[in-house]
Every structure is written in C-alpha cells, then in structure tokens.
Amino acid sequence: MDSQLSNPSELIRAHTSFSPKTTIMSLIQPQLDASREKLFTTYPDEFKIPIGAVLSDLSKFDRSTAIKVGDKLPKFNLPDAVEKEQSSAELLSRGPLVIAFYRGEWCPACNIAISGLQRHLAEFTAKGVTLVGITPQKPSGLLTMTEKHNLGFPVLSDLHNEYARKLGIVWKHPDAIGPLVEQINGMKFAEVNGDDSNEVPFPATLLVDQSGTVRNIFLEPDWTRRVEPTTVLEWINAL
C-alpha cells in the first residue's frame, strides 16, 4: 500500500474537513456525497471494492420489518452522557420528539448529519420539539463526543442495539468488512460499543408526536444518505 494510505483513519478525517462557511451554509447531503466520492477515488481497491459491494447490497434491506409511520414508538429508558436515565415518557411529556439514530462518533457521515441537526436545534426548540440522538456507543464515550461536536441535545446509549432492535433497524457488518471499517475509522467495535458484534443501527430519523405516534421516518440503509434537517423542520411544521 502507498505510504500515503498507511493510515486510513487520517484519510477519512481529511475527507470530512469542510470550511466553516461550507459547514454552516450548505445542505448536508452534498457534504456526504463529497466525502463518499473522495473515499472511492482515494482508497485502494482492498478497501473500496468490498465496501462498495456492501453499499450496493444494502438496497435489498427488507423494510417491512422496520418501524413505520403510524406505529406507536416503543418505550425506552436509556442513559445519557453522564449516565442519567432518559425515558421516552418524560421526553414526550414536553412535546413532540425527533430521534436520530447514528452508528457512532467514529462514523464521518454520522458526524456530518448530527452536526447538521445541531445547527437547527434552536428552530426545533422554538417549535416545542425535543431532539435526541441514539447510538450503540458506551456511555463513557458520549461525553467526549458531545463536547467535541458542541451538541446541545442529549445523546443516549443503546448498548448492544437493544432498543434499535425493537424498531427493526439493526444491521451487522459482514465479516469481510468489519475489520476494514475499524481500520478506516481508527477504532474497535468492542472498545466503543462494549461488544464485538459489529452491529450498528441503520441511519434513521423519526418524528414522534406527543401521543407517541410516529409521524415521519427517514430510514436509509446506505449510511452515506441522510435526511436534511430542513426536511425535518417541514415535518414539524406539518404537525
């Protein structure tokens, strides 16, 4: 491998470096597209061929088993970054709820998406909507992540994807690419998630009304595709 490619995690960080102006003013999908394009034009075949094959195969995901619009949101009690339990009942008592599932702080696409939601947090709050993130990362890693990305909303730990599994949105990295994902992103699943299952939630964003009914869902198995925060605001305005 070329010496320039000896540290894939450094490359992926370079792929997701955007100027402040670009980050603030742009939609998130163009940033995600640019990150994906650079990955597939820069990485050697040993990385991009198997990952590209997996992305293509994800289109076969059976959505019939996943949570749908009109369903009642299953209840949850999950710890936040300081290991304080947060319940869906308490959060919904304040008003509608936007839930963003993401794979982890190690995932560049997730960081683009979660930062995009943060930039619109004041607008969500002004409309009486609470935003929460849910990730399979251990609580011990959430505080650093929250501070690193200046998040003003709670991020909850769904260890072993137990809650995401209730929603039918859990996916296991194939054995062939699990180690590649770890190498590219400079992490070990067993360390960040507390298990070596290689399982992650599909990127999903839900709007749940105060009665606990799911009103809108963006569920995209391809982790390089995310809902625009402006679209989430349109959902909220339609409540």
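The values are calculated or read from the model by the stated rules, or taken from the named source; none is laboratory data. Everything numeric in this text was worked out from a predicted model, so none of it was measured. Note that we place each Cβ from the backbone using ideal geometry, even for glycine, and neighbour counts take in every protein chain shown.
With (1) touching a residue at least 12 places away in the same chain (Cβ under 8 Å); (2) more than 15 Å from the chain's Cα centre (by Cα); (3) in a loop (DSSP other than H, G, I, E, B) as the list, and R226 as the residue in question, which single condition is left unmet?
For R226, the failing item is (2).
Output the number of residues of region 27-39 satisfying the condition of being surrounded by 15 or more Cβ atoms within 10 Å (Cβ to Cβ) and at pLDDT below 85.
Residues flagged as surrounded by 15 or more Cβ atoms within 10 Å (Cβ to Cβ) and at pLDDT below 85 within region 27-39 amount to 4.
Could you tell me whether S9 is modelled with pLDDT of 80 or more and among the hydroxyl-bearing types (S, T, Y)?
The answer is no for S9.
Can you go through S140, S197 and tell me which one is in a loop (DSSP other than H, G, I, E, B), out of contact with any helix residue (DSSP H, G or I) (no Cβ under 6 Å at 6 or more places or on another chain) and among the polar types (S, T, N, Q)?
Residue meeting the stated conditions: S197.
Are any of the residues in region 177-199 closer than 30 Å to T42 by Cβ, in contact with a strand residue (DSSP E or B) (Cβ under 6 Å, 6 or more places away or on another chain) and either buried (at least 19 other Cβ atoms within 10 Å of the Cβ) or not acidic (D, E) (or both)?
Yes - at least one qualifying residue is present in region 177-199.
Find the residue count for region 114-130, including only residues that are buried (at least 22 other Cβ atoms within 10 Å of the Cβ), within 20 Å of R225 (Cβ to Cβ) and in contact with a helix residue (DSSP H, G or I) (Cβ under 6 Å, 6 or more places away or on another chain).
Residues in region 114-130 being buried (at least 22 other Cβ atoms within 10 Å of the Cβ), within 20 Å of R225 (Cβ to Cβ) and in contact with a helix residue (DSSP H, G or I) (Cβ under 6 Å, 6 or more places away or on another chain): 2 in total.
Is it fair to say T144 is polar (S, T, N, Q) and modelled with pLDDT of 95 or more?
Taking the combined requirement at face value, the residue does not satisfy it.
Please state which one of I134, I114 is modelled with pLDDT of 90 or more and assigned to a strand (DSSP E or B).
On inspection, the qualifying residue turns out to be I134.
Tally up the residues in region 164-180 that are in contact (Cβ under 8 Å) with a residue 60 or more places away in the chain, over 15 Å from the mean Cα position of the chain (by Cα) and assigned to a helix (DSSP H, G or I), please.
Of the residues in that region, 2 qualify.
For Q86, only one of the following conditions fails: (1) in a helix (DSSP H, G or I); (2) within 26 Å of I112 (Cα to Cα); (3) among the polar types (S, T, N, Q). What is its number?
Every condition holds for Q86 apart from (1).
Here's the yes/no breakdown for (1) basic (K, R); (2) closer than 26 Å to L32 by Cβ:
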{"residue": "D62", "(1), (2)": "no, yes"}
{"residue": "K68", "(1), (2)": "yes, yes"}
{"residue": "K84", "(1), (2)": "yes, no"}
{"residue": "G116", "(1), (2)": "no, yes"}
{"residue": "V132", "(1), (2)": "no, yes"}
{"residue": "G141", "(1), (2)": "no, yes"}
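May I ask you to say which residue of W171, W235 is of a type outside the set (A, V, I, L, M) and over 30 Å from R94 (Cα atoms)?
Checking each option against the conditions leaves just W171.
If the Cβ limit is 6 Å and pairs must be 6+ apart or interchain, which residue in region 122-141 that is under 22 Å from P203 (Cα atoms) pairs with which residue that is modelled with pLDDT of 95 or more and exposed (fewer than 14 other Cβ atoms within 10 Å of the Cβ)?
Going by the 6 Å Cβ cut-off, the qualifying pairs are T130/R94.
Please verify whether L151 is out of contact with any Asp or Glu (no Cβ under 7 Å at 6 or more places or on another chain), buried (at least 19 other Cβ atoms within 10 Å of the Cβ) and more than 26 Å from K60 (Cα to Cα), treating the condition exactly as stated. If you could, list the steps in order and put the result at the bottom.
Working: out of contact with any Asp or Glu (no Cβ under 7 Å at 6 or more places or on another chain): yes; buried (at least 19 other Cβ atoms within 10 Å of the Cβ): yes; more than 26 Å from K60 (Cα to Cα): yes.
For L151, the condition - out of contact with any Asp or Glu (no Cβ under 7 Å at 6 or more places or on another chain), buried (at least 19 other Cβ atoms within 10 Å of the Cβ) and more than 26 Å from K60 (Cα to Cα) - is met.
Does any residue of region 94-105 turn out to be closer than 23 Å to D33 by Cα, in a helix (DSSP H, G or I) and basic (K, R)?
For region 94-105, residues closer than 23 Å to D33 by Cα, in a helix (DSSP H, G or I) and basic (K, R): absent.
For S59, are the conditions met, namely being part of a helix (DSSP H, G or I), surrounded by fewer than 15 Cβ atoms within 10 Å (Cβ to Cβ) and small (G, A, S)?
yes
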